[in-house]
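Read the structure below first, then the notes.
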């Protein structure tokens, strides 16, 4: 067992060592949050990813705590080695996951191996640290202090990660930054307790090498990020940013721009007009009075571009959660050109809020609501296709009002499509489903929902590229392989739609 003459000469070093629990807890939880965020970006279904990663991490910490009983000698050296390994593994975890996502078949195995290894190392550290400090503090005080700093560190990590590091630093630099902190703690312990460290020159050389590697990687993080995304996307990446909600990537080739959110294609400039004309104009042809329109989702401003073809519209409320998306499509030259500067139009008011909460707080009634959310691939999105949400939307509509919803593919995901339709009818809406072919996506579906009647009363704007009244009539016909199905109603307590969506689309992703 180590004796600790350094501790007996003063309280300062041992107190600082105790404070390192705060650093260990903060760094450990940050690595866990990075893994969960990356998994939700790359694999989807944030609830499942975070649940399984948290469970794996805590289980691994338990294994590490159990294994600590077999560390009986050279505790200071063991602590330094483990801290260096945490800095190395945790610091480079995001780089490894980004680079390997498109390169290996067993990506999930690597993901959980990294989470598990980090958890084991963190689980080893705390018991070893407690044993290093046991002669300096009363046992009850030591336990109290250790867990106090541990929990405070966890709170700190949970606050600074989404509010500071993800939007302003990015995932790669965040993991490298905390890897640098772990390595810095190891170096401090080496120099502070050098009389207890065997092979000090070798350990110092390794520690400084790790620190230099982390710092250099931090400096060149953008280059590393660009390289990793060049592996994931066929075309040149011209823009890549992380928001608190998603990874935003825009690619370019000689023919088109493409927008990807969390790796999922949102539109191609070759055919996005088909999607947005089909979304907007059939609904607007039914609305005689078009003073005020609400669009939920659609932060790219492309549906608003179509709305602004109606001069009688006086006000458009855009409700989109992600402020970063609306900022990019308002200010980036190539993106704002694509939406014809629609987000800068004085008639447009942007509300960067959760659409569910926004709807619950509204008292005004609207003539038309366009719902252009991403597909219901996880529970956070599934709530925006639920009975509870549609019931509130029904209450927000004027008697002659109507809504339209993008509703995934009736060909590739028929249960998902008809679940949306059946949830709307269960809410009290009359529905008019329709579909069209979008080359980038295949057959795609929409549903118009209204309270009383739907008639194409007003003409479509001139000079549309794709849709007209005759074509829309054809779009309302569903052949046998896409015909109506009986499904469960999507409610908050069952999220049936998310299960349908995952089951159906997973067949085409594999």
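The values are calculated or read from the model by the stated rules, or taken from the named source; none is laboratory data. On a predicted model such as this, the values are computed, not experimentally measured, just so you know. Note that each Cβ is placed from the backbone with ideal geometry, even for glycine, and that neighbours are counted across all protein chains shown.
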- Query: Of all the residues that make up the stretch 134-149, how many are part of a helix (DSSP H, G or I) and either at pLDDT below 80 or surrounded by fewer than 19 Cβ atoms within 10 Å (Cβ to Cβ) (or both)?
  - Reply: 9
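So that you can scan it fast, the table gives a plain yes or no per residue for (1) in contact with a helix residue (DSSP H, G or I) (Cβ under 6 Å, 6 or more places away or on another chain); (2) surrounded by fewer than 21 Cβ atoms within 10 Å (Cβ to Cβ):
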{"position": "304", "(1), (2)": "yes, no"}
{"position": "323", "(1), (2)": "no, yes"}
{"position": "350", "(1), (2)": "yes, yes"}
{"position": "353", "(1), (2)": "no, yes"}
- Are any of the residues in the stretch 83-104 surrounded by fewer than 16 Cβ atoms within 10 Å (Cβ to Cβ), outside any helix (DSSP H, G or I) and over 21 Å from the mean Cα position of the chain (by Cα)? yes
- Among 328, 270, 283, which is over 26 Å from residue 502 (Cβ atoms) and within 22 Å of the chain's Cα centre (by Cα)? 328
- Message: Looking at the stretch 185-198 only, could you name the residues that are touching a helix residue (DSSP H, G or I) at 6+ places or on another chain (Cβ under 8 Å) and either surrounded by fewer than 16 Cβ atoms within 10 Å (Cβ to Cβ) or over 15 Å from residue 81 (Cβ atoms) (or both)?
- Response: 192, 194, 195, 198
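One residue is enough: does the stretch 155-163 have a residue meeting the conditions in a helix (DSSP H, G or I), under 20 Å from the mean Cα position of the chain (by Cα), assigned by TED's automatic domain parsing to the domain that holds residue 37 and crowded, with 18+ Cβ neighbours inside 10 Å?
Yes, because at least one residue in the stretch 155-163 is in a helix (DSSP H, G or I), under 20 Å from the mean Cα position of the chain (by Cα), assigned by TED's automatic domain parsing to the domain that holds residue 37 and crowded, with 18+ Cβ neighbours inside 10 Å.
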- Subset of the stretch 473-508 [farther than 28 Å from residue 379 by Cβ and either touching a helix residue (DSSP H, G or I) at 6+ places or on another chain (Cβ under 7 Å) or crowded, with 16+ Cβ neighbours inside 10 Å (or both)]: 475, 478
- Message: Could you check the stretch 381-423 and list, in sequence order, the residues that are surrounded by 24 or more Cβ atoms within 10 Å (Cβ to Cβ) and under 14 Å from residue 485 (Cα atoms)?
- Response: 410, 413, 416, 417, 419, 420, 423
- Query: Quick check: anything in the stretch 251-262 touching a residue at least 60 places away in the same chain (Cβ under 8 Å), in the same structural domain as residue 369 (by TED's automatic domain parsing) and either farther than 18 Å from residue 464 by Cβ or surrounded by 18 or more Cβ atoms within 10 Å (Cβ to Cβ) (or both)?
  - Reply: no
- Query: Among the residues of the stretch 44-69, which ones are touching a helix residue (DSSP H, G or I) at 6+ places or on another chain (Cβ under 6 Å), more than 28 Å from residue 195 (Cα to Cα) and touching a residue at least 60 places away in the same chain (Cβ under 8 Å)?
  - Reply: 46, 47, 53, 56, 57, 60, 61, 63
- Just one listed residue, out of 422, 468, 463, 455, is within 32 Å of the chain's Cα centre (by Cα) and in the same structural domain as residue 368 (by TED's automatic domain parsing), and it is 422
- May I ask you to list the residues in the stretch 425-445 that are buried (at least 20 other Cβ atoms within 10 Å of the Cβ) and within 25 Å of the chain's Cα centre (by Cα)? 444, 445
- Query: Taking the stated definitions as given, is residue 493 free of Cβ contacts under 8 Å to residues at least 40 places away in the same chain and either assigned by TED's automatic domain parsing to the domain that holds residue 311 or in a loop (DSSP other than H, G, I, E, B) (or both)?
  - Reply: yes
- Task: Could you grab me the full set of residues in the stretch 177-220 that are in a helix (DSSP H, G or I), farther than 18 Å from residue 23 by Cβ and either modelled with pLDDT under 90 or not assigned by TED's automatic domain parsing to the domain that holds residue 94 (or both)?
- Result: 194, 195, 196, 200, 201, 202, 203
- Message: Scan the stretch 277-287 and tell me whether some residue there is touching a strand residue (DSSP E or B) at 6+ places or on another chain (Cβ under 7 Å) and part of a loop (DSSP other than H, G, I, E, B).
- Response: yes
